[in-house]
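Worksheet for the structure shown next.
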Amino acid sequence: MHESHSTHLNRLGNQHFSRGFYTDAYHCYSRALEADRQSGDQRALAMTLGNLGNICAVSGRRSQANTYYHEVLEIQKILGDDRGISTTLANLGNLSADAGEWERAQAHYLEALDLMNDVGDYAGKAILLSDLGLVAREKGQYLQAIEYYEESLALMRRVDNQEGQADVYRMMARLYLAQGRYNEAIACTQTSFDMAERLRDELRMGGAWFVLASCYEGQGDWREAIRYLEQVVQVDEKYDLPKLKENTTRLQHLRERLTHVNTTLSHE
């Protein structure tokens, strides 16, 4: 069966997205949206709008993403697509989490969780549990967060989501880091990095390097922190990621701090 123009463009967009080429992905999805508006295919339209929401979300365009997701939600409700609705609610929860609106994020996630349980979406539930873990961590509910993360990991192993496992180990590392438990944070991050490296996923490797940089900075080991943050900035530059400027500034501050320490020691 010959795929539609919209399906072809979405597939191309997804390929660009998975490689971190967000601008190219956005162009593909935008062209698919034009095709869907003309064809009137509501299911195809919902998929394309969802993809546009995702690309705007990762590019820091939250308001635009929010608009796309709500349009998706209206279509999915008309279609009676509970599985789709649960995914969109989770995406709205992610937007709220990105904005630090933890109560709103939790409300979206819990509503999505009920639907995922109803439709038996274990793959979606595995990711959602890690999202709930993040909310619990940010609210200072560390034991609750670990419970969510462990349940998430168990489900991810069941559905063989290795990318997701790498993400959860990194999230657990950040939780331990927030508590000053550096050895546990480094161990979890190393596990995350090893999985990302096996998957040849540079974006996730960059995420692990970022946490390692924070671990060593927290311990006052500027040299190691700089080493890892330099690798993060390289990934930021390669994929034109939104935190490039912020991470470059942080790297400069760390280098200045190390120079100051070395100068002080040489004068003692």
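Computed from the coordinates by the stated procedures, all read-outs in this text should not be read as laboratory data. Owing to the predicted nature of the structure, the values given are computational and were not obtained by experimental measurement. Heads up, the Cβs are rebuilt from the backbone with ideal geometry, glycines too, and the neighbour counts pull from every protein chain shown.
Computed from the Cα positions only, the extents of the range 18-101 along the three principal axes stand at 36, 29, 20 Å, in decreasing order. Listed by chain and number, the aspartates and glutamates placed with their C-alpha closer than 18 angstrom to that of Lys125 are Asp81, Asp82, Glu111, Asp114, Glu147, Glu150, Glu151, Asp160, Glu163, Asp167; residues fewer than eight positions away on the same chain are left out. The modelled label-to-label distance between Ala154 and Gln219, using points 7 Å beyond Cα along the C-beta direction, is 3.1 nm.
Determine the sum of side-chain charges near Arg43: Lys and Arg each +1, Asp and Glu each -1, restricted to other residues whose C-beta is under 15 angstrom from that of Arg43.
-4
Indicate the gyration tensor shape class of the range 179-268 (rounded, prolate or oblate), computed on the Cα atoms with a ≥ b ≥ c the square roots of the eigenvalues: a/c under 1.5 is rounded; otherwise a/b larger than b/c is prolate and the rest oblate.
On the way: a/c = 2.68, a/b = 1.43, b/c = 1.87.
Because a/c hits 1.5 or more and a/b fails to exceed b/c, the range 179-268 counts as oblate.
First select every other residue whose beta carbon is under 14 angstrom from the beta carbon of Ile78; then total the charges, Lys and Arg +1, Asp and Glu -1.
-3
Given Cα positions, please report Rg to Rh for the chain, the hydrodynamic radius being the Kirkwood one.
We get a ratio of 1.02 for the chain.
Over the chain, dividing the summed -39,500 (n - 2.57) contributions of all DSSP H runs of at least 4 residues by the number of residues returns a 222 nm mean residue ellipticity of -29000 deg cm²/dmol. Quick one: compute the contact order of the range 118-268, relative version, from alpha carbon pairs under 8 angstrom and 6+ residues apart, as a percent. Dividing the mean separation by the residue count of the range 118-268 yields 14 percent. When the chain is treated as a Gaussian network with alpha carbon springs shorter than 10 Å, the biggest mean-square fluctuation among Gly207, Gly120, Gly20 belongs to Gly120. Here the dipole of the range 117-252 is about 240 debye; that uses its Cα centre as origin and unit charges on the Cβ of Lys and Arg (positive) and Asp and Glu (negative).
Working out 0.36 nm times the residue gap between Ser63 and Gln162, then minus their Cα-Cα distance, what length gain in nm do you get to one decimal?
Full extension of this stretch gives 32.6 nm more.
Placing +1 on each Lys and Arg Cβ and -1 on each Asp and Glu Cβ, with no other charges, gives the chain a dipole about its Cα centre of roughly 440 debye.
For the pair Arg255 and Glu34, the difference between a 0.36 nm per residue extended length and the Cα-Cα distance amounts to 74.7 nm. Among Tyr68, Leu129, Ala208, which residue has its Cα furthest toward the positive end of the charge dipole of the chain, with +1 on Lys/Arg Cβ and -1 on Asp/Glu Cβ? The residue sitting most towards the positive pole is Ala208. Summing Lys and Arg as +1 and Asp and Glu as -1 over all other residues whose Cβ lies under 12 Å from the Cβ of Asp221 gives a net charge of +1.
Binning all Cα-Cα separations of the range 119-189 at 5 Å, short to long from zero, yields these whole-percent fractions: 4, 21, 29, 23, 15, 6, 2, 1.
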